[in-house]
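Report on the structure given below.
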Amino acid sequence: MADSETPIRFGIMGCAEIARKVSRAIAIAPNSTLYAIASRSIDKARQFAVRNNLSEEVKLYGDYNDLLDDPCVDAVYMPLPTSLHLKWAVLAAQNGKHLLLEKPSALHVKELDKILEACESNGLQFMDGSMWYHHPRTAKMKDFLSNLELFGRIKAIHSSSSFTGTSQFLENNIRVKPDLDALGALGDAGWYCIGAILWSMNKKLPTTVTALPAITRNSAGVILSCSASLYWDEGKTVATFYCSIISHETMDLAVCGSNGTLHVEDFIIPYEESSAAFSFTSGAKFVDLHIGWNVKPQEVRVACKLPQEAMMIQEFSRLVKGIKISRLRPDSKWASTTRSTQLVLDAVKNSIEIGFKPVQM
């Protein structure tokens, strides 16, 4: 049976700005449909529906519980503030809803483990909202990093994720409110940096994590920018990252190997939807007199039939359908990926709190 004939029915809990992008992705993906929207008030749900030109068939709820009680909702996308994730994610799982949870997934790993246990005990698929994993470029980059002849073994990694928040953003956004998203820039932008580093290392956790003293907080104590270093004893690999909501836009990933290097400048959100590129250099040396290089970076461009957020929805829906129709087990790699990222994020936060000392993993 075609995917479009049995689409996975999504309910969106919360009308955050990112929900606009994901509601579009649900509409574009061939195996999903937007079934319901829930907000804290029916007026907010209606405003979201009007603003995004949603079909009149989409159900609107003014209470999150009403959406969770709806037996027709297969899966929930949850872009609520991080402080609300534990309560509502566990309730969603207890109501049999597969869970696509916006990042950062939890305030700390103990909360995340309760969410993951609720999903696992109910046989439900879990995935966080990191869209870049699902772009076909990401698989192509992994092919290069896995090529020992062209790339070799990883020696160093650097990642950055930053943007300049407006004065209104820095005053009112949930990311700067300690009672809503207490992790600030570390949880928002840093999640991507840590995820990219662990992706490069095939999810192998570092031996030690050390936050660096260059940190900026707002008057409420929420992190606006920070950086950290990660170190792996095996292979003597080092990684650094910088995350900020008060710096110019960056989405960089650079991986240096024993035989080659990889660079990508837009790994989180590609410059354009239809294709994305990365560059690599292999076997580079200086020419005679050190007046140039023997090779130039090569660009690899990868076409994308769907926006990466739609590919995320497509993959999540495929997994949900396998559980729902074919009685398959949930794919645990997505929960594992999220948990590894959370563990390192927690270690960075811990290092900051103990005076930027190393934290053993």
Measure off 7 Å from each Cα along the Cα-to-Cβ vector at residue 293 and residue 265, then give the distance between these two points in nanometres to one decimal. 1.4
Förster radius 41 Å - calculated FRET efficiency between residue 43 and residue 204, Cβ distance, rounded to 0.05: 0.30
For the range 39-122, one quarter of the surface area of the C-alpha convex hull, expressed in nm², comes to 5.5
Simple spin-label estimate for residue 277 and residue 155 in nanometres, 7 Å along Cα-Cβ: 2.6
Per-peptide average of other Cβ atoms within 10 Å, ordering 28-34, 311-317 highest first: 311-317, 28-34
Given a 1.4 Å probe, the accessible area of the chain per residue, as a whole number of Å², is 46
Would you kindly give the portion of the calculated P(r) for the chain that falls above 32 Å, as a percent of all Cα pairs? 34
Per-peptide average of other Cβ atoms within 10 Å, ordering 280-292, 86-98 highest first: 86-98, 280-292
Cα-derived Rg over Rh, computed across the range 1-155 with Rh taken as Kirkwood radius: 1.05
Please report, as a whole percent, how much of the solvent-accessible surface of the range 204-339 comes from carbon and sulfur atoms (probe radius 1.4 Å). 57
Percentage relative contact order, the chain, counting C-alpha pairs under 8 Å, at least six apart: 19
Arrange the residues 318, 327 by how much accessible surface each exposes, largest first, with a 1.4 angstrom probe. 327, 318
FRET efficiency for residue 164 and residue 110 from the Cβ-Cβ distance with R0 = 41 Å, rounded to 0.05, comes out at 0.80
The range 136-289 - convex hull of alpha carbons, volume per residue in Å³: 154
For the cross-link pairs 204/285; 155/177; 155/296; 110/349; 44/324; 203/296, which exceed 26 Å when the distance is taken from alpha carbon to alpha carbon? 204/285; 155/177; 44/324; 203/296
All alpha-carbon distances of the range 288-359, grouped into 10 Å bins from 0, give the whole-percent distribution 14, 19, 20, 23, 18, 4, 1
What accessible area, in Å² to the nearest ten, does a 1.4 Å probe give for residue 175? 80
In debye to the nearest 20, the charge dipole size for the chain, taken about the Cα centre with +1 at each Lys and Arg Cβ and -1 at each Asp and Glu Cβ, equals 500
Stretch gain in nm, segment residue 219-residue 66, where the contour uses 0.36 nm per residue and the Cα spacing is subtracted: 51.3 nm
Space enclosed by the convex hull of the alpha-carbon atoms of the range 102-168, per residue, Å³: 194
Hey, what angle do you get for helix 308-326 against the long axis of the chain, alpha-carbon based, 0 to 90 degrees rounded to 10? 60
Rounded to the nearest Å, the spacing of the alpha-carbon centers of the range 319-353 and the range 251-305 is 29
Send over the per residue convex hull volume for the range 62-220, Cα only, as a whole number of Å³. 165
Given a 1.4 Å probe and heavy atoms of the protein chains only, how would you sort 346, 128, 69, largest accessible area at the top? 69, 346, 128
Listed residues 361, 131 arranged by accessible area, highest first, probe 1.4 Å: 361, 131
Computed over the range 62-111, the Cα gyration tensor eigenvalues, each multiplied by 5 and square-rooted, give semi-axes in Å (largest first) of 19, 10, 9
Give me the angle, in degrees from 0 to 90, between the Cα long axis of helix 85-94 and the longest principal axis of the Cα atoms of the chain, rounded to the nearest 10. 60
With every protein chain present, what accessible area does residue 278 have (1.4 Å probe, heavy atoms only), rounded to the nearest 10 Å²? 10
Rounded to the nearest 10 Å², what accessible area does residue 242 show when all protein chains are kept and the probe is 1.4 Å? 80
I'd like the orientation of helix 333-353 relative to the chain: the angle between its Cα long axis and the longest Cα principal axis, in ° from 0 to 90, rounded to 10. 70
Under a plain spin-label model, where a point goes 7 Å from the Cα along Cα-to-Cβ, how far apart in nm are residue 234 and residue 140? 3.1
If each DSSP helix of 4+ residues adds -39,500 (n - 2.57) and the sum is divided by the residues in the chain, what number results at 222 nm, nearest 500 deg cm²/dmol? -11000 deg cm²/dmol
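The values are calculated or read from the model by the stated rules, or taken from the named source; none is laboratory data. Treat the numbers as computed from the prediction; the structure is a model and nothing was measured. We place every Cβ from the backbone using ideal geometry, glycine too, and count neighbours over all the protein chains shown. Side chains are part of the model used for accessible areas, which takes the heavy atoms of the whole protein and leaves out ligands, DNA and RNA. Shrake-Rupley method; radii C 1.70, N 1.55, O 1.52, S 1.80 Å.
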